[in-house]
Every structure is written in structure tokens, then in C-alpha cells.
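The values are calculated or read from the model by the stated rules, or taken from the named source; none is laboratory data. Everything numeric here is computed off the predicted structure, so don't read it as measured data. Every residue, glycine among them, receives a Cβ derived from its backbone with ideal geometry; neighbour counts consider all protein chains shown.
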Amino acid sequence: AFALVSEFDGPAAVAVKHAVPCGVGLGKSPAQAFARARQADPVSIFGGIIALNRPVDQETALLLKEIFLEVVIAPAFSDEARAVLAAKKNLRLLICPNQRPQGHVLRSISGGVLVQQADAGGLSQWQAAGSVQPPQGWEEDGHLAWLTAKYAKSNSIVVSKGGMTLGIGSGCTSRIDAANIALAAAGEEAREAVMASDGFIPFPDVVEAAAKAGISVILQPGGSKGDDKAIAAADKAGIALLFTGIRHFRH
């Protein structure tokens, strides 16, 4: 939660349950960002962990107080916010300055550890793989979906619109299953939304499912032997298929 929320420049809130993002929201204030993160999945957020990249004020604290949470992480808490949240039994408040991934990451294994470079890849560049260009104003939701997919366990698919995630499919053994979960969660709101995939899309099935739901933009790394089929399916459906050249594959 802390790592993902630190990736955003503007006010953001991330809800995590069992080490998996379940709702991410952006806004003009931390209160609006949290409200959107909660709206993204009002069921899974119960008993979860919330991270914000702005100090928590009284307005935000009053919203946080409305539901059961285990931990709230933020750069700071105002005195008024502390007073509000003090009434929540067993709620832990952690003060952490925003810090984007850097250096190395350690993963424990039997008898040792694995050391790897941190995944610092954002949405710094992309190119339209097919003939369809993305609609105006897609960037914020594209950035949101791409970064959330980065922190969701692979295979992951994220659908976002209106400054919030609508559906997150993660930890699936097939990409189409992840897509179906994300699209089912998004429902009718998926129309004109953005979809992001943490790894390349090797078959046209994910694109076809996105087309049925009304997705307008798909972000994916590209680089599969099946790219041509995915591009053809996107062009046929009028979807802007964008290649980022970066794979996440969080495990």
C-alpha cells in the first residue's frame, strides 16, 4: 500500500487486503482520494490497510472512521485527525514519508535470499501498436491502471475510470481469468474505461473480452509472438492498444 501510493504525484489513496490492492483512488484532496478508493471495492476494504500520500486531516479521518480498518499509513496526521481516529479500537497509525521504489528488493527462499533490482518502471513512454489512437484525457486513468497492475500479483489486469480502479484481477494462473475478474467487478462502468495488463497479452481473448465490456484503451508491455493477433482484434473493436515495453510480473 505504501509503495503504490508513493508512486502518485497528486493526492492518492490505496486500500490493500491480504497484500493485494483492492481499491485505488485519486482526487483533489486526500478525502476525495480515499472516498474513491473505498468506492472502488466497498466490500474488500473492510479490515484492510489504507495508505495515503498526503497528511491525514480531520475530513479524511472522519471518512476513515466509518469503516473497520487495521492500519492507516500516511506522511502525517493532524492533531484533529488523531483525535478522531483515537476512538477506533486497535487501529494502528503509521507515519511514513513517501518514497518511490529504488535500490534492491529481497525475497526470502529456503536457505537464503534472492536479491533483485526494484521495479521502478512507470508509464513514462508508450506507443500505439495498432491504428487506433487513445481518446483525449485517458492519461490519468491509464497511469492509475498501469501502476496498480504493477503492484497486483501476476497475472494481473486492472480496469480504471474516473480517477479510481473499477476492477482488479490478480494472482491468476491465466491472463483471461484475471481479465474476466476485473471486468466482472467493473460491470457497466467498464464502458470507455482503461485496462492495463502487467504482462503481454499472448492471445486475442483478453482483447475480445475487453471489447465486449466497452473498454477504450488497453495498456500492455507487448513483445508476445501473438502481438499481431491482439493488435488485429483491437483494431477490429476500435480499441487503442498501447505498448509500454515494460513488464512487471509481481510474484
(request) Please identify the pairs in which a residue from the range 109-131 that is at pLDDT 80 or above has its Cβ atom under 6 Å from the Cβ atom of a residue that is assigned to a loop (DSSP other than H, G, I, E, B), counting only partners at least 6 apart or on another chain. (result) W126/T244
(message) Just to confirm my filter: which strands (runs of 3 or more DSSP E) fall fully inside the range 46-123 and include at least 1 residues that are surrounded by 16 or more Cβ atoms within 10 Å (Cβ to Cβ)?
(response) 48-52, 69-74, 92-95
(request) For the range 168-179, indicate whether the set of residues that are of a type in the set (G, A, S), more than 30 Å from Q116 (Cβ to Cβ), surrounded by fewer than 24 Cβ atoms within 10 Å (Cβ to Cβ) and not assigned by TED's automatic domain parsing to the domain that holds V43 is non-empty. (result) no
(message) Take F200 and tell me if it is in contact (Cβ under 8 Å) with a residue 60 or more places away in the chain and surrounded by fewer than 24 Cβ atoms within 10 Å (Cβ to Cβ).
(response) no
(request) Give the range 134-152 a look and list any residue that's farther than 13 Å from I218 by Cβ and either in the same structural domain as A40 (by TED's automatic domain parsing) or surrounded by fewer than 17 Cβ atoms within 10 Å (Cβ to Cβ) (or both), or say none. (result) Q136, G137, E139, E140
(request) Please name all residue pairs, on different chains or six or more residues apart, with Cβ atoms under 7 Å, provided the first residue is in the range 18-36 and is within 24 Å of S156 (Cβ to Cβ) and the second residue is charged (D, E, K, R). (result) V20/K153; C22/D41; G23/R38; G23/D41; G25/R36; L26/R36; L26/E140; G27/R36
(message) Contact list please: Cβ distance under 6 Å, first residue in the range 64-93 and closer than 23 Å to A3 by Cβ, second residue acidic (D, E) and not in a helix (DSSP H, G or I), pairs at least six apart or on different chains.
(response) A81/D57
(message) Considering only residues that are touching a Phe, Trp or Tyr at 6+ places or on another chain (Cβ under 9 Å) and modelled with pLDDT of 95 or more, which ones fall in the range 79-108?
(response) L85, L91, L93, L94, I95
